[in-house]
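Below you'll find the structure, written out as structure tokens, and then a few comments.
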Amino acid sequence: MISLLVFAPEPSFAACKNSGGSSGSNSVGSQVNGSSVTICASALAVVPARISVVKSKVVVKAKPAPAKAPAVFRRTQAPLQPKVLTPISKPKPKVVIAPAAKPKVAAQTKVFRNLVTAPGSTSKSSATADFSPAAVSANVYPSDQLAVGQTASFSSSALQHFKSGTLLNLPTEVRFTPISVDWDFQGERETQASTFQGSYVNHVFSSAGLFQVQVMATYAVSYRLRGSIDWISEPETISIVDELLIYVSGDGAEQTDTPAIISPERKVRLVSGDCLKRPGSFGCN
């Protein structure tokens, strides 16, 4: 059996083309990829050279002093006298004094100190993480079924919000701030404006039909890692789009060129605020 192993490349700081400088002790960068932003971080760890003292013990035996030759004492007989017949006696033995025993010398321990140098080293680690803004939604009041000449209020859910994650085991925050909200009422007559800007817009459809309303929220992106209180701006922006279908009926005349839309079930709802001023309030959607 033959198996094929594919190794995914490790995250690299080179994945981000826009350098953000440094955040704390880390180098950071970013890059927008479609509807998300990639944040890169790189850290360089330096271990300086170290000098340590290593002690070693050596046992040294001292050499004993050279021993002196033992003293020898001999007794000699008196000079011979004229021969006199005397009884034969045994000669006295020589007396030899043995040398004293050598003294024992205790071993000595000496301590030597050596300097050992550990070389320095450097290591580099990097990581990347992707963050995406929250989805934007388009809302219309009072309904997605309107009559010609009726005013409809459109609102967007684009608000400043934050996303969090980790990079190199450091908490990381990304901030998405809406800088523009653009509305496009496709299918409107050329004599009437079909594009608007703003989180809340009002629009009156001058003709009957099925219209596609598109909202596009554009976000500025900034980020920071723990250890830094300053936000770093990403030079590019991210745009998020949502769409609505609006059916506009005529003034009672029969419409043959528009599809029929089943009216949704209507319910009584409790709301927490004025839906015209704050369409995002509880119960307004």
Item checked: Signed unit charges on C-beta, dipole axis of the range 139-220, positive-most listed residue Ala208, Ala147, Leu168 -> Leu168
Check: Once both labels are modelled 7 Å past Cα along the beta-carbon direction, what's the Ala134-Asp184 spacing in nm?
Finding: 2.5
Margin query: If I histogram all Cα-Cα distances within the range 105-187 using bins 5 Å wide from 0, what percent of pairs lands in each bin?
Written below: 3, 8, 11, 10, 8, 8, 7, 6, 5, 5, 4, 3, 3, 3, 3, 3, 2, 2, 2, 1, 1, 1, 1, 0, 0
Notebook entry, point to check: Measuring from label point to label point, each 7 Å out along Cα→Cβ, what is the Lys55 to Gln108 span in nm?
Noted result: 1.9
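Report the full-extension gain for the segment Thr166 to Leu245: residue separation times 0.36 nm, less the Cα-Cα distance, to one decimal in nm. Don't skip to the end; give the middle numbers.
On the way: separation 79, 0.36 × 79 = 28.44 nm, distance 3.95 nm.
Answer, rounded to one decimal: 24.5 nm.
With a 10 Å radius around each residue's Cβ, average the other Cβ atoms per peptide and rank 238-245, 21-28, highest first. Working shown, then result.
Numbers: 238-245: 16.0, 21-28: 17.5.
The most tightly packed comes first, giving 21-28, 238-245.
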Margin query: Neighbour counts of other C-beta atoms within 10 Å: give me Tyr223, Tyr247 arranged from fewest to most.
Written below: Tyr247, Tyr223
Checklist line | Neighbourhood net charge (9 Å Cβ-Cβ; Lys/Arg +1, Asp/Glu -1) for Phe162 | finding: +1
Next item on the list: For Asn33 and Leu115, calculate 0.36 nm times their separation in residues minus their Cα-Cα distance, and state this gained length in nm to one decimal.
Entry: 24.0 nm
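Bear in mind that the values in this text are calculations on the coordinates, not laboratory data. Computed from a prediction, not measured in an experiment: that's the story for all the values here. Positions of Cβ are backbone-derived with ideal geometry, glycine not excepted, and every protein chain shown enters the neighbour counts.
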